[in-house]
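This report refers to the structure that appears directly beneath it.
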Amino acid sequence: MIVSKRAYEPYAPSDGYRVLIDRLWPRGVSKANAHLDAWAKDVAPSRALREWYGHDPARWPEFQTRYRQELRAPAAKEVLADLVRRARRGRVTLVYASRAADISDVAVLERVLDRRLKRTSRATRS
């Protein structure tokens with residue numbers, strides 16, 4: 001199961017495997033309070049893409065396309081595969097800093113991972 005949670009929300013043991021998906025560390029969050037199992041910078045949008053987008057809702061459709069293209073990089077594919085494997089066994093919490101989760105990388109990443117989970121579960125049932 002894949003869920004998401006802002007880095008500023010309190011940790012809960014039920015979060016399962018917690019992975020920070022931002023390239024930058026969230027301001028004001030200590031490493032101890034973050035309770036992270038991993039920091040997956042390889043699935044975060046590139047600096048250039050992040051700066052181009054700037055959370056401008058008008059650029060959201062194009063951001064999604066460009067970000068999905070970045071997720072095709074070998075290093076990102078490795079992380080995605082690992083997250084899917086972990087999600088098949090338990091809860092994976094994608095930790096992010098954005099205030100606007102619905103138009104941020106976490107929304108895209110959740111959909112990408114959910115599709116992969118559905119695809120792999122169908123393949124194992126066949």
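The values are calculated or read from the model by the stated rules, or taken from the named source; none is laboratory data. Remember, it's a predicted structure, so these values are computed and weren't measured experimentally. Please note: Cβ atoms are built from the backbone with ideal geometry, for glycine as well, and neighbour counts cover all protein chains shown.
Details
- Only one entry in Ser14, Ser30 is farther than 19 Å from Leu113 by Cα and at pLDDT below 95, namely Ser30.
Residues checked against (1) out of contact with any Asp or Glu (no Cβ under 8 Å at 6 or more places or on another chain); (2) of a type in the set (A, V, I, L, M); (3) loosely packed, with under 11 Cβ neighbours inside 10 Å:
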| site | (1), (2), (3) |
| --- | --- |
| Arg6 | yes, no, no |
| Pro10 | yes, no, yes |
| Val19 | no, yes, no |
| Gly28 | yes, no, yes |
| Gly54 | yes, no, yes |
| Ala58 | yes, yes, yes |
| Gln64 | yes, no, no |
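- Residue within segment 102-122 that is outside any helix (DSSP H, G or I), over 11 Å from the mean Cα position of the chain (by Cα), over 16 Å from Ala7 (Cβ atoms) and not acidic (Asp, Glu) present: no
- Residue list for segment 1-27, restricted to those being among the charged types (D, E, K, R) and part of a loop (DSSP other than H, G, I, E, B): Glu9, Asp22, Arg23, Arg27
- Subset of segment 67-84 [assigned to a helix (DSSP H, G or I) and either among the hydrophobic types (A, V, I, L, M, F, W, C) or exposed (fewer than 13 other Cβ atoms within 10 Å of the Cβ) (or both)]: Gln69, Pro74, Ala75, Ala76, Val79, Leu80, Ala81, Leu83, Val84
- For beta carbons closer than 6 Å, sequence separation of 6+ or different chains, a first residue in segment 1-21 that is within 24 Å of Thr120 (Cα to Cα) and a second that is surrounded by 16 or more Cβ atoms within 10 Å (Cβ to Cβ) and basic (Lys, Arg), the qualifying pairs are Tyr17/Arg86.
- Looking across segment 81-114, just one residue is of a type in the set (Gly, Ala, Ser) and in contact with a Gly (Cβ under 6 Å, 6 or more places away or on another chain), and that is Gly90.
- Taken together, the residues in segment 32-66 that are in contact (Cβ under 8 Å) with a residue 12 or more places away in the chain, closer than 13 Å to Asp105 by Cα, in a helix (DSSP H, G or I) and among the polar types (S, T, N, Q) amount to 1.
- Checking Ala32, Ala40, Ala87 one by one, the residue that is at negative phi, surrounded by fewer than 16 Cβ atoms within 10 Å (Cβ to Cβ) and either touching a helix residue (DSSP H, G or I) at 6+ places or on another chain (Cβ under 6 Å) or not aromatic (Phe, Trp, Tyr) (or both) is Ala32 and no other.
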